[in-house]
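Notes for the one structure printed next.
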Amino acid sequence: MVTSSAFFPERSDHDLAFDVTTFLAACNVPSFRSLRVEARAGQVTIRGIVRSFYEKQLVQSVARRVAGVGQLVDVVSVAQPVRVDLASRRFTLSPDLRQYFAERQRISGTLD
C-alpha cells in the first residue's frame, strides 16, 4: 500500500473551496449560487441564505461528499417567507430575504 505524501499532495485551501463550490453549482439550485465557501486546513465554512430547510440540508450533504473536507462549518440560514398584506396590496421582505437579494445584486453587479 502506498502511503507516501509525495503521491498524494495536500490540496490547497483555494482548490478545496473551488471543488465545494463546483459541487454545489452542479445541484442546479439557484440559491446555491450566492453561497460563499471558504476553506482553511480542511475546515470548510459555507455562508449564505437558502430558501428552505431542505436546501440547507442538501448543502451540508453535498459539501461533506467533497474529498478533503475534514470539518464543515455551516453558517447557512433559511430565508423567512414574504409577508403579504392583502388589504394594502403590499408585501414586506423579511430581513433574511432583503440580505439575500442585496447579496445577489452585489454578486451580479446589477442595480435594480
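Quick notes on this one:
- Amide H within-cut-off set for S77, under 5 Å, with H built and near neighbours excluded: G48, I49, V50
- Fully extending the segment from R47 to C27 would add 5.5 nm, taking 0.36 nm per residue of separation and subtracting the current Cα-Cα distance.
Every read-out reported here was derived from the displayed coordinates using simple, explicitly stated rules and does not represent laboratory data. What you are looking at is a predicted structure, and each value in this text was computed from that prediction instead of being measured.
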